[in-house]
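What follows is a set of notes on a single structure, which appears directly below.
What follows draws every value from the coordinates through simple rules; no lab data is involved. All figures in this text were calculated on a predicted structure; none of them were measured in a lab. Quick reminder, even Gly has a Cβ in these numbers, built from the backbone with ideal geometry, and neighbours come from all protein chains shown.
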Ligand SMILES: Cc1cc2nc3c(=O)[nH]c(=O)nc-3n(C[C@H](O)[C@H](O)[C@H](O)COP(=O)(O)OP(=O)(O)OC[C@H]3O[C@@H](n4cnc5c(N)ncnc54)[C@H](O)[C@@H]3O)c2cc1C
């Protein structure tokens with residue numbers, strides 16, 4: 001695949017004709033920025049980066065790529081953690097940073113039209129004072145783009161109640177792999193409220209949902225109508241300490257089973273509690289081995305009702321201490337405990353490998369125990385800070401990138417953790433995507449027929465296999481390879497693309 | 001004008017219809033006009049047998065029912081998830097889930113098969129006032145599913161966990177597609193805790209505009225999570241269901257869930273807004289809810305919350321000219337209106353006045369309002385389907401959908417109202 005490299009100079013000229021000289025990068029020093037994303041597991045520079053400004057320009061770039069059999073990769077802010085924006089096979093990176101306009105905020109219909117390159121946090125700053133917000137809140141929201149959030153179906157702390165990005169994407173302007181420009185949700189006339197404003201429902205495949213989470217393999221998103229959510233009237237946060245991880249896990253189960261729907265329900269394990277306390281002297285109680293951060297929001301009555309229930313379950317599960325906050329300043333102070341965990345890990349090792357897998361909520365306690373055991377067996381430090389409410393685990397395996405033997409142990413431990421999660425009825429990724437990081441593990445989760453159906457979908461969109469090739473599906477699962485035996489060659493140090501330089505996040 | 005013969009259109013068994021070769025279909029049709037495979041494997045076997053057939057030979061549409069597929073396989077109550085056959089009726093499912101205080105938040109008639117809800121994917125009547133919250137559309141209930149494809153293979157996608165970005169989300173191909181690309185055989189769903197109790201009230205209003213204004217006030221003033229529904233319905237519908245004599249022509253039907261004291265407080269608060277508020281018993285509101293939540297309206301008009309008042313008014317004005325007994329109701333928070341009623345009984349070509357009436361409505365609405373009329377009835381035995389291509393007419397989207405059909409069902413085994421089938425021999 002892609003064996004014939006396109007001639008550099010004529011290609012640069014061709015691309016410059018489309019986007020303008022200033023917006024084609026091809027010098028090695030300029031391309032270095034684009035050789036990886038936040039998953040620095042793999043580095044591979046593109047031959048070109050183009051920075052188009054309109055869907056028409058994106059379309060012309062894609063048509064050129066098709067005509068010349070050159071792969072192309074959409075890129076937002078490059079904060080992806082699974083290597084999705086890496087040019088594995090070289091080619092053209094299509095940077096969406098110039099699609100940075102917030103075009104319309106339609107408060108009545110609770111929706112906004114934004115460019116794919118708009119930074120998530122900027123949209124929310126822009127919405128201040130409207131009583132509305134864009135709910136998906138990945139921790140990277142100060143940098144990651146709406147287009148990247150859509151492509152990865154990003155989640156965040158508050159997606160337990162508010163849903164992940166797909167629940168907030170109404171219609172996408174997408175440049176399809178054949179160069180066609182399409183809105184995923186039909187519109188019937190260009191009059192107000194705004195051009196291309198999507199209908200809330202239309203029959204047919206849910207193309208918005210299909211494109212969301214497709215990691216740039218089914219098309220390049222250039223603009224999006226997103227849903228805005230009314231801000232809750234009341235917010236309450238509790239930081240609850242427990243003497244044992246099992247107590248905290250059982251408390252999570254009781255809260256959710258008894259109809260408490262927190263906006264956020266986060267878990268910090270013993271290692272993380274210790275790290276944060278040592279680094280920042282947070283004053284957690286003696287003997288605290290696990291912490292839950294619970295945020296309730298809604299109208300005053302429902303928050304009050306759920307608060308009573310929540311306190312009941314905290315006590316039932318032998319909470320050591322409950323700190324509560326209702327003012328914004330106090331809430332922020334409580335959240336610091338979680339937000340500072342990454343910095344606290346830095347006191348142990350310079351880097352960490354952030355895993356992302358999901359298990360059924362009821363399996364929290366046994367799976368956590370196994371993860372700790374895997375860490376011990378591989379002689380690596382593991383801190384767990386994660387979205388407990390939806391069972392989305394984030395084991396952070398700490399390491400020194402200069403220690404090759406340790407890196408190898410980290411990779412093996414990570415793989416063992418994935419196995420444990422799948423055995424518990426879980427999945428490979430809850431929010432960071434598959435990308436290059438986990439595509440060879442897809443065969444652990446899906447049968448050849450399952451993967452063939454995904455390959456067929458990819459084929460319907462991109463028969464030339466040029467849109468972000470080599471991601472998501474295991475190698476050998478391209479168009480025309482349906483129902484063939486799949487391979488599982490997980491990423492190892494032997495992979496020629498693997499690099500151990502730099503911190504991984 | 002003579003009153004045309006009408007009848008209420010029976011819901012089809014499920015909205016997948018197979019198109020089989022005459023040879024394969026004959027024995028099936030001899031025994032039963034509706035094919036009811038007992039297991040997905042039985043249907044898979046038949047589809048595999050079809051593979052050997054020449055796609056060009058004459059074929060017969062075989063209405064296929066998934067009704068035998070009704071099992072609830074697992075209910076992981078602690079996880080708020082369950083795995084089930086796709087043909088399970090909503091009532092059967094919710095009854096089983098109720099043992100653990102959970103439900104699928106949808107007020108459609110209890111006989112509605114899950115498959116129909118998923119295949120249609122319209123905003124159900126329990127979606128509340130903030131349709132963007134997670135779990136509102138049927139597609140958001142789906143954590144994973146098994147699908148039977150036209151070549152007889154079954155593929156799984158997703159899983160049974162709350163968040164999942166492992167691979168393409170194939171569920172989004174099938175939800176809303178009315179069976180065009182495959183048959184959903186099993187579904188893994190996310191569930192919700194059932195509110196301690198449900199309460200409902202009617203708020204009578206004189207005009208559509210007043211009703212929508214009131215709905216908008218409630219939408220901004222009241223908590224979204226307690227509100228399952230807020231629907232503008234005509235008296236001609238509420239009266240027979242509730243048995244209450246109503247002096248005003250329109251009512252807002254409000255359905256709330258929560259603790260008993262919370263519901264009482266909400267209903268009292270409503271009383272302060274509109275003194276004539278009428279609290280309804282379950283025996284009164286449930287049949288009404290089932291009628292307006294039935295997944296087979298004659299048409300769904302999708303607009304915006306901001307123009308739903310005008311949209312509803314224009315539809316209502318046009319309804320006055322209808323030669324058939326039709327009515328409409330509106331879901332203001334979603335910007336949607338539904339047209340229901342009776343349908344001409346004649347098979348074959350529909351009467352001209354029926355067509356003229358719909359064309360008239362389309363003409364009245366389309367230049368002025370940003371809306372779209374969809375006639376979703378999925379049963380190909382009725383002529384509308386043959387006349388209607390429900391896919392939007394954007395050429396890029398049409399060509400993409402053609403590619404999808406070509407990939408997943410190249411021989412058009414699955415009839416679906418999404419694809420125009422005029423001119424084909426059956
Ligand atoms: C510190 C940190 C914290 C994080 N926290 C979270 C978290 O809480 N939750 C979470 O879900 N993720 C998190 N992430 C991961 C990452 O931020 C998200 O995946 C984010 O959505 C990526 O956005 P981006 O703009 O950086 O996309 P990129 O990294 O540039 O691209 C990601 C993928 O999307 C594709 N893509 C990008 N833009 C487009 C487009 N316009 N059209 C089509 N495809 C496109 C790319 O090809 C690639 O496959 C975190 C990352 C970091 C570094």
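Dividing the convex hull volume of the alpha carbon atoms of the stretch B:24-144 by its residue count, what do you get in Å³ per residue?
On the way: hull volume 16.5 nm³, N = 121.
About 136 Å³ per residue, rounded to a whole number.
Jot down the radius of gyration and Dmax of chain A, Cα atoms only, both in angstrom.
23.1, 71
Listed highest first by mean packing, meaning other Cβ atoms within 10 Å per residue, what order do A:438-450, A:343-355 come in? Before the final figure, lay out each step's value.
Details: A:438-450: 21.0, A:343-355: 19.0.
Most protected by this proxy first, the peptides run A:438-450, A:343-355.
Taking neighbour counts of Cβ atoms within 10 Å as a proxy for exposure, in what order, fewest first, do B:358, B:250 appear? Present the calculation step by step, with values, prior to reporting the outcome.
On the way: B:358 20, B:250 26.
Sorted ascending by nearby Cβ count, the order is B:358, B:250.
Given points 7 Å out from each Cα along the Cα-Cβ axis, report the residue B:23 to residue A:258 separation in nanometres with one decimal.
If labels sit at residue B:23 and residue A:258, their model points lie 6.6 nm apart.
With angles folded into 0 to 90 degrees, how steeply does helix A:364-377 sit against the dominant principal axis of chain A? Use alpha carbons for both and round to 10.
Relative to chain A, helix A:364-377 is tipped by roughly 80 degrees.
Suppose each label sits 7 Å from its Cα in the direction of the beta carbon; what would the residue B:221-residue A:304 distance come out to in nanometres?
About 1.8 nm, to one decimal.
What is the angle, in °, between the Cα long axis of helix A:300-316 and the longest principal axis of the Cα atoms in chain A? Nearest 10 is fine, range 0 to 90.
60 degrees
Which order results if B:177, B:235 are arranged by neighbouring Cβ count within 10 Å, fewest first? Walk me through the numbers on the way to the answer.
Details: B:177 29, B:235 18.
By the 10 Å Cβ count, ascending: B:235, B:177.
With no solvent and one equal point scatterer placed on each C-alpha of the stretch A:1-109, evaluate the Debye formula and give log10 I(q)/I(0) for q = 0.13 Å⁻¹, two decimals.
-0.48
Quick check on packing: order A:333-342, B:158-167 by the mean number of other C-beta atoms within 10 Å, highest mean leading. Mind showing how you got there, number by number?
Details: A:333-342: 18.3, B:158-167: 25.7.
My ranking of the peptides, most packed first, is B:158-167, A:333-342.
As an exercise, use a Förster radius of 35 Å and the Cβ-Cβ distance of residue A:142 and residue B:264 to find the FRET efficiency, rounded to the nearest 0.05. Could the numbers behind the result be given before it?
On the way: r = 44 Å, r/R0 = 1.27.
Computed FRET efficiency for residue A:142 and residue B:264: 0.20.
With r defined as the distance between the Cβ atoms of residue A:412 and residue B:207 and R0 fixed at 60 Å, what FRET efficiency is calculated, to the nearest 0.05? If you can, show how the numbers build up before the last one.
Working: r = 70 Å, r/R0 = 1.17.
The computed FRET efficiency comes out at 0.30.
Principal axis extents for the protein assembly as shown, Cα atoms only, whole Å, descending order, please.
Here the spans come out as 89, 65, 55 Å, largest first.
How far apart, in nanometres, would the label points at residue B:73 and residue A:281 be if each is projected 7 angstrom from Cα along the Cα-to-Cβ direction?
That separation, rounded to one decimal, is 5.7 nm.
Averaged across A:437-446, how many Cβ atoms of other chains sit within 10 Å of each residue's Cβ atom?
Details: counts 0, 2, 2, 0, 1, 2, 0, 1, 5, 6.
Neighbouring Cβ atoms belonging to other protein chains average 2 per residue here.
Between the stretch A:115-147 and the stretch B:237-288, how many Å separate their Cα centres?
Rounded to whole Å, the Cα centres lie 39 Å apart.
Angle, helix A:8-19 long axis vs. longest principal axis of chain A, Cα atoms, 0 to 90°, nearest 10?
Taking Cα atoms only, the helix is inclined about 80 degrees.
Within the stretch A:229-262, list the residues whose amide N lies under 15 Å from a label point set 7 Å along Cα→Cβ of residue A:311.
Under 15 Å, as judged by backbone N against the label point of residue A:311, lie A:236-240 of the stretch A:229-262.
If you take each beta carbon of peptide B:307-315 and count the beta carbons of other chains within 10 angstrom, what is the mean?
What the average comes to for B:307-315 is 1.
What FRET efficiency, computed as 1/(1 + (r/R0)^6) with R0 = 30 Å and r the Cβ-Cβ distance, is obtained for residue B:244 and residue B:273, rounded to the nearest 0.05? Spell out each step's value before the answer.
Numbers: r = 19 Å, r/R0 = 0.63.
So the FRET efficiency works out to roughly 0.95.
Run the helix sum for the protein assembly as shown: -39,500 (n - 2.57) per DSSP H stretch of 4+ residues, divided by residue count, reported at 222 nm to the nearest 500 deg cm²/dmol. Show your work: numbers first, answer last.
Numbers: 30 runs with 302 residues, N = 931.
Computed mean residue ellipticity for the protein assembly as shown: -9500 deg cm²/dmol.
Find the percent of Cα-Cα distances in the stretch A:393-457 that exceed 19 Å, and round it to a whole number. Let's see the in-between values first.
On the way: 848 of 2080 pairs.
The proportion of pairs with Cα distances above 19 Å equals 41 percent.
May I ask you to order B:100-112, A:387-399 by the average number of other C-beta atoms within 10 Å around their residues, highest value first? Don't skip to the answer; put the middle values down first.
Numbers: B:100-112: 19.8, A:387-399: 25.7.
The densest-packed peptide leads the list: A:387-399, B:100-112.
Over the whole of B:174-183, what's the average partner chain Cβ count within 10 Å per residue? Rounded to a whole number, please. Walk me through the numbers on the way to the answer.
Numbers: counts 2, 3, 8, 4, 3, 0, 3, 5, 1, 0.
Mean shielding by partner chains, rounded to a whole number: 3.
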